[in-house]
Amino acid sequence: MVNWNRCELLRECLVSIEKQVTSAGSPFPSETIVVDNGSEDGSPELVISEFPAVRLIRNRSNRGFCAANNQGIAAARGERIALLNNDAVADPLWLAELCGALDGAETVGMAASKIVQYEAPDRIDKAGHILYLDGQNRGRGTGEADEGQYDGPLEVGWPDGCAAMYRRAMLQQIGGFDEDLFAYADDAELGLRARIAGWRCAYAPGAVVRHRRGATLGRGNPERVFLIERNRILLAAKLFPWRLLVLNPYYFGRRLWAAPRQSGDMAAFPGWGGKLALAAAVVRADLAALWLLPKFLAKRREVRRLARLRGRELADLLRREAPAPALMYGQ
């Protein structure tokens, strides 16, 4: 778990991990690691005093979601590594169900949870990830009423990092989270990079987690939009086949045109002032992406070195999984 100034949310999250059991009802064998990114709200003290069995890694400053996750992964001793956001609460069988999804085929390197909304558990937050053709990602089924449509066999591209499990062998082969992203779209980048390398993702509908959406930075925070917009460009530059990458502005324009008619995160920026703040964050993000573009284009060579999917196969996968243009900055 990565934590930054969310003491009360962290407590509930850790309590849910203490309650993890096997299918037989016995305590689930695991270790818990919290990586704290320089919290000033008493979070580290909470872990030390109330959860003495938890391993605590304390950073002096906020190193970001990606770097902190990599720290935790490096410190973990298990062959299967689960991530859980501090603003999420796991059902008691969460770990057992994710482990069951990884059993069997060794080519399955990651497992996705069924994530529902904390305030409305009868609504889906994310059942795996999907990706627009401009690099923007969102959760599959976001906002839908949970009527069992995601309880059966389901092919998913990769898990949402809010609640996921990864095979250590996969991470050792392809590397961990890209720390240049800092936060947002990092799980989509890791998951797509794994798919390119030939790994598959399982889906565990019984691994249920309740999630407070947007609790880290807040849905109306321009900094959140900045990271999402910047990182969608960098993800595409690093991973997309050229045949899709050159069309990125076209696909972005299509989604931008559709966004005002949808109930996405644009609603979190009401009025002309809000829309100007949103536009300023997008422009600032595009300039930041342009600055980092040479670095991410250079990373393409490392990705292609491990690639099992050819450019055409990857393009077909992305087109098959892509939703219709809709939410502007849904995650």
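The values are calculated or read from the model by the stated rules, or taken from the named source; none is laboratory data. Since we're looking at a predicted model, the values are computed, not measured. Here Cβ is always computed from backbone atoms with ideal geometry, including for glycine, and neighbour counts include all displayed protein chains.
For (1) among the charged types (D, E, K, R); (2) over 20 Å from Leu235 (Cα atoms); (3) part of a helix (DSSP H, G or I), each residue gets a yes or a no:
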{"residue": "Val156", "(1), (2), (3)": "no, no, no"}
{"residue": "Leu171", "(1), (2), (3)": "no, no, yes"}
{"residue": "Gly176", "(1), (2), (3)": "no, no, no"}
{"residue": "Asp187", "(1), (2), (3)": "yes, no, yes"}
{"residue": "Gly198", "(1), (2), (3)": "no, no, no"}
{"residue": "Val208", "(1), (2), (3)": "no, yes, no"}
{"residue": "Arg213", "(1), (2), (3)": "yes, yes, no"}
Whichever residue in region 25-67 is acidic (Asp, Glu) and in a loop (DSSP other than H, G, I, E, B) and, among such residues, is nearest to the chain's Cα centre (by Cα):
Glu31
Return the pairs, sorted by first residue and then second, in which the second residue is assigned to a helix (DSSP H, G or I) and of a type in the set (Phe, Trp, Tyr), the first residue lies in region 181-201 and is assigned by TED's automatic domain parsing to the domain that holds Ala111, the beta carbons are less than 8 Å apart, and the residues are 6+ apart or on different chains.
Phe182/Phe65; Ala183/Phe65; Tyr184/Phe65; Asp186/Phe65
Can you tell me which residue among Ser30, Ser61, Ser49, Ser39 is of a type in the set (S, T, N, Q) and touching a residue at least 40 places away in the same chain (Cβ under 8 Å)?
Ser30
Can Cys13 be described as under 20 Å from Tyr166 (Cα atoms) and touching an Asp or Glu at 6+ places or on another chain (Cβ under 8 Å)?
yes
Counting only residues that are of a type outside the set (S, T, N, Q), crowded, with 20+ Cβ neighbours inside 10 Å and either assigned to a loop (DSSP other than H, G, I, E, B) or within 14 Å of the chain's Cα centre (by Cα) (or both), how many does region 68-90 have?
6
Filtering region 108-152 for residues that are part of a loop (DSSP other than H, G, I, E, B) and closer than 30 Å to Arg243 by Cα leaves a count of 10
